[in-house]
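One structure is given here, and the rest of the page talks about it.
The values are calculated or read from the model by the stated rules, or taken from the named source; none is laboratory data. For clarity, every value in this text was computed on a predicted model and none was experimentally measured. Reconstructed Cβ throughout: ideal geometry from the backbone, glycine too, with neighbour counts over all protein chains shown. In case anyone asks, the SASA skips ligands and DNA or RNA and just uses the protein heavy atoms, side chains included. Shrake-Rupley method; radii C 1.70, N 1.55, O 1.52, S 1.80 Å.
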Amino acid sequence: MRRDIVPTIKLREVAHSRSGEKCDSVNLSVIAYREEDYSIIKEQVTAEKVRELYGPIVKGNIIRFEVPNIGALNFLMENALDGGRSRNLAFDESGKALSSLVLLMDLEVPAGYIGRSGLKV
Amino acid sequence: MGEVENHLMKKIRLGSGTAWARDRFQLALDLVERGDIDYLSFESMSEVTMSNAQVNKINNPDIPGYDPYLERRIGSVLKDCVDKGIKIISNQGWLDPEAAAEKVIELAQNQGIQSLRVGAVIGGDLTELLPKTDICLAETGERIAELGDRYVSAEAYLGAEWIIEALKGGAQVVITPRVADPSLYVGPLAYEFNWDMEDWNRLGKATAVGHLIECACQVTGAYFCDPGYKDVPDLAHVGAPIAEVDESGDAIITKTPETGGIVSTETCKEQLLYEIGDPSAYLTPDVAANFTTIKVEQVGDNRVSIKNGSGLKRPENLKVLVGVRDGFMAEEMVLYAGPGAWERAKLAKEVLVERFKEEDLNPERVRMDFLGVNAVHREASPTPSFMPYEVILRVSIHTKSKEEAQKLRKVVDPMAVSGPAGTGKWSTMGTSVRPVVAIYSAYVPREMVNVNVIYKDI
């Protein structure tokens, strides 16, 4: 299939996510809604792709963990909170609002794929 | 039915009464009234809780060292818990679990309770000890002994063993200082089922259960609901979770009857990974829990089965949080709306940068963000695809001294009369200069932490 006609869809249609903090690190889960879609996120939601989105605010490493028993990935993003919640000057001092950014990632999906909201490509 | 089958069928129901110091009070009331629980746990801390309490205590020596919400949280359910045989495990002891235990006794006496034993776990506070040792901050390598005036506090994360001891000693209410959150749930389970505290697999399972419910409604639909993608019935009345655990450590996660919310494989998966680094090695004082073997399965309406967790030997050392003074922070805002709001907000930012010099304001760090555009995701925010209708310029600074932080108002207040057109003024209730206590971590050998349980009785 030619690359320019591979359908893409936002990650938000394929997976859900939650973020939290541990000291100066933020964790970010990416969990496939459907078990069979774990292979899509495993292949495409790489640490590099996460860095493309979060790079401007993550000063340390981005480490990816695979959690196939629940169809999920977990990313640990180090030095993302300007020293941690106690010292973060940002309006959101926590890491809790950060998960929604990853949902904007574009994923390649098979033609006819139906996303979580009912969107069909 | 034989004795063996009966034993295997014993289930303990754990209720999670609060996710943190300032969660809703209604959760525990509903759990006690109709949750049919055996244990009610209150998790009242975030990272900064103890060090903030230390600073408050220095400024106001007369205020109690325990959670100011203790009286309402425990007092509002105490009589019903005693009548129903529900035991309470709470980390609201903060700096002074003994005083907290005495307060609980006082509440009980006022409520006409005839008999009660409260156990207080004493000893996690390492503030006086650590400067006499060679222990260093993990993040910077500095010796705590060399921090001088900047040093505020140090407390260890305790595990389940002291909760178990208090329960064995007959406590109906257990008050602790800082413990690892899952330990509030591992403790009662290990006590009820008489587990070997080196049975790492079972402790790993129990730790997963504790982790799932320790943030209360985050597993029952809260911090989850995303309309159109993850819908949750009646979020306003979302109910507290209940874990129904058997002797093997396998569990069902459910919630308080007749409450809003939902318990699904989706809510459980999100909470399982919440604030986890490596899911195969989640370290607590009790165990190195492995979440990568767990099976999560919907087995009924608002009933999810959690099975097959595992674990490895607990860490040698205990993690310690260390509070270190780090200057002050201040925050101000100016508001713009309507046509040209974005241009005017950007102009206001340029003006402020110059005005800092006029007041000789030299912060260590400064942020200027636009609420509605890039204040939440910061530099990772995508460029807006349309002009925002309203834009708020938010300025925050970090300074060494309080006097320097107080200069921010002198720079921003005049913007109301000497800034761009239509500059709106933020109500001053938000103006605050706050001291910063930065949290670092350290690790100490278990032997360094001297803990015991004391009892207060009616």
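Among B:378-387, B:362-371, A:15-24, how do they line up by average Cβ neighbours within 10 Å per residue, starting with the highest?
A:15-24, B:362-371, B:378-387
What does the convex hull of the Cα atoms of chain B come to per residue, in Å³, rounded to a whole number? Intermediate values should be presented prior to the final figure.
Values: hull volume 80.4 nm³, N = 458.
Given the Cα convex hull of chain B, per-residue volume reads 176 Å³.
Would you mind working out the magnitude of the charge dipole of the protein assembly as shown relative to its Cα centre, with +1 at each Lys and Arg C-beta and -1 at each Asp and Glu C-beta, to the nearest 20 Debye?
Dipole magnitude for the protein assembly as shown comes out near 1100 debye.
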Residue B:298-residue B:316 pseudo-label distance in nm [points 7 Å out on the Cα-to-Cβ vector]: 4.7 nm
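Based solely on its DSSP helices, what 222 nm [θ] is calculated for chain B when runs of n ≥ 4 H residues each add -39,500 (n - 2.57) and the sum is averaged over all residues, nearest 500 deg cm²/dmol?
Mean residue ellipticity, 222 nm, calculated: -8000 deg cm²/dmol.
Run the accessible area of region B:155-283 with a 1.4 Å probe and give the carbon-and-sulfur part as a rounded percent. Each step should come with its number before you reach the end.
On the way: 1610 of 3480 Å².
Accessible surface attributable to carbon and sulfur in region B:155-283 totals 46 percent.
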DSSP beta bridges in region B:141-297 [antiparallel fraction, %, rounded to 5]: 80 percent
Cut-off 12 Å (backbone N to label point 7 Å along Cα→Cβ of residue A:51), residues of region A:60-92: A:60-64, A:78
Dipole axis of region B:1-121 (+1 Lys, Arg; -1 Asp, Glu on Cβ), positive-most option in B:94, B:18, B:68: B:18
More than 18 Å apart - percent of Cα-Cα pairs taken over region B:84-143: 53 percent
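Taking every pair of Cα atoms in the protein assembly as shown, average 1/r, invert it to obtain the Kirkwood radius, and report Rg/Rh to two decimals.
Values: Rg = 25.1 Å, Rh = 25.5 Å.
A ratio of 0.98.
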5 angstrom amide H check on residue B:89, placed H, neighbours 5+ away: B:40, B:41, B:42, B:174
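Over all distinct alpha-carbon pairs, what is the Kirkwood Rh of region B:135-288 in angstrom?
Details: mean 1/r = 0.0574 Å⁻¹.
Every distinct Cα pair counted, the radius reaches 17.4 Å.
Using the Cα atoms as the points, what is the convex hull volume per residue of region B:64-183 in Å³?
For region B:64-183, the hull spanned by Cα atoms encloses 117 Å³ per residue.
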Two-decimal log10 I(q)/I(0) for region B:129-213, as the Debye equation yields it once each C-alpha is a single scatterer, q = 0.10, 0.13, 0.24 Å⁻¹: -0.37, -0.57, -1.04
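Obtain the radius of gyration and the Kirkwood radius of chain A from its C-alpha atoms and give Rg over Rh. Intermediate values should be presented prior to the final figure.
Values: Rg = 15.1 Å, Rh = 15.0 Å.
Rg/Rh for chain A comes to 1.01.
Report the FRET efficiency, 1/(1 + (r/R0)^6), for residue B:400 and residue B:458, where r is their Cβ-Cβ distance and R0 is 51 Å, rounded to 0.05.
Numbers: r = 51 Å, r/R0 = 1.00.
The calculated FRET efficiency here is 0.50.
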Residue B:238 - accessible surface, heavy atoms, 1.4 Å probe, Å² rounded to 10: 10 Å²
Directionally averaged shadow of region A:1-68, computed from the convex hull of its alpha-carbon atoms, nm²: 5.7 nm²
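Based on a Kirkwood Rh over C-alpha pairs, give the Stokes-Einstein translational diffusion coefficient of region B:15-122 at 20 °C and viscosity 1.002 mPa s in µm²/s.
151 µm²/s
Send over the per residue convex hull volume for region B:252-306, Cα only, as a whole number of Å³.
Values: hull volume 5.3 nm³, N = 55.
Cα convex hull per residue, to the nearest whole number: 96 Å³.
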Integer Hz, Karplus 6.51/-1.76/1.60 couplings in order for region B:371-379, x for Gly and Pro: 4, x, 10, 8, 7, 9, 9, 6, 5
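About its Cα centre, how strong a charge dipole does region B:248-289 have in debye, to the nearest 20, once Lys and Arg get +1 and Asp and Glu get -1 at the Cβ? Don't skip to the answer; put the middle values down first.
Working: 2 positive and 7 negative charges, 16 e Å.
In total the dipole reaches around 80 debye.
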Sequence of B:199, B:67 when ordered by accessible area, the most exposed leading, probe 1.4 angstrom: B:199, B:67
Accessible area of region B:283-401 divided out per residue, in Å², using a probe of 1.4 angstrom: 49 Å²
Cα lying deepest toward the dipole's positive end in region B:353-399, options B:389, B:368, B:356, charges on Cβ: B:389
Above-threshold pairs, the threshold being 23 Å between Cα atoms, out of B:255/B:295; B:10/B:307; B:11/B:168; B:87/B:313: B:87/B:313
At least 40 Å² accessible surface lost relative to isolated chain, residues of region B:388-427 (1.4 Å probe): B:394
More than 15 angstrom apart: percent of Cα pairs within region B:62-118: 43 percent
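Could you compute how much accessible area chains A and B hide from each other, both sides summed, with a 1.4 Å probe? Nearest 100 Å² is fine. If you can, show how the numbers build up before the last one.
Details: alone 7400 and 21500 Å², together 24480 Å².
Interface area, both chains combined: 4400 Å², rounded to the nearest 100.
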Modelled FRET efficiency - R0 45 Å, residue A:120 with residue B:365, Cβ distances, 0.05 increments: 0.45
Accessible area (Å², 1.4 Å probe, nearest 10) - residue A:78: 50 Å²
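Report the calculated FRET efficiency for residue B:26 and residue B:63 (r = Cβ-Cβ distance, R0 = 41 Å), to the nearest 0.05.
Working: r = 26 Å, r/R0 = 0.64.
The computed FRET efficiency comes out at 0.95.
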Among A:100, A:29, A:86, residue whose mean-square fluctuation peaks in a GNM of chain A (springs only between Cα atoms under 10 Å): A:86
Taking chain B and dividing mean pair separation by its residue count, relative contact order in percent (alpha carbons under 8 Å, at least six apart): 18 percent
Cα lying deepest toward the dipole's positive end in region B:259-359, options B:318, B:291, B:308, charges on Cβ: B:308
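Probe of 1.4 angstrom, ligands and nucleic acids ignored: what's the accessible area per residue over region A:1-117, in square angstrom? Mind showing how you got there, number by number?
Details: 4790 Å² over 117 residues.
Here the per-residue accessible area is 41 Å².
Nothing charged except the Cβ atoms of Lys and Arg (+1) and of Asp and Glu (-1): what's the magnitude of the dipole of chain B about its Cα centre? Round to the nearest 20 debye. It would help to have the intermediate numbers written out before the result.
Values: 49 positive and 68 negative charges, 179 e Å.
Computed about the Cα centre, the dipole is about 860 debye.
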log10 of Debye I(q)/I(0), alpha-carbon scatterers only, for region B:261-391 at 0.09, 0.15, 0.20, 0.21 Å⁻¹: -0.61, -0.88, -1.13, -1.21
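Once you order the gyration tensor axes a ≥ b ≥ c over the Cα atoms, which shape class does region B:292-332 get: rounded for a/c under 1.5, otherwise prolate or oblate by comparing a/b with b/c? The partial results should precede the final answer.
On the way: a/c = 5.95, a/b = 1.75, b/c = 3.39.
The shape class here is oblate.
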Backbone HN-Hα couplings from phi across region A:42-52 [Karplus 6.51/-1.76/1.60, Hz, Gly and Pro as x]: 4, 6, 9, 8, 8, 4, 5, 5, 5, 5, 4
1.4 Å probe, heavy atoms, protein only - residues of region B:231-269 losing at least 40 Å² accessible area vs chain alone: B:266, B:269
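Could you please state how large a percent of the accessible area of chain A is carbon and sulfur, counting protein chains only and using a 1.4 Å probe? Could you put the intermediate results ahead of the total?
Numbers: 2550 of 5120 Å².
Carbon and sulfur atoms account for 50 percent of the accessible area of chain A.
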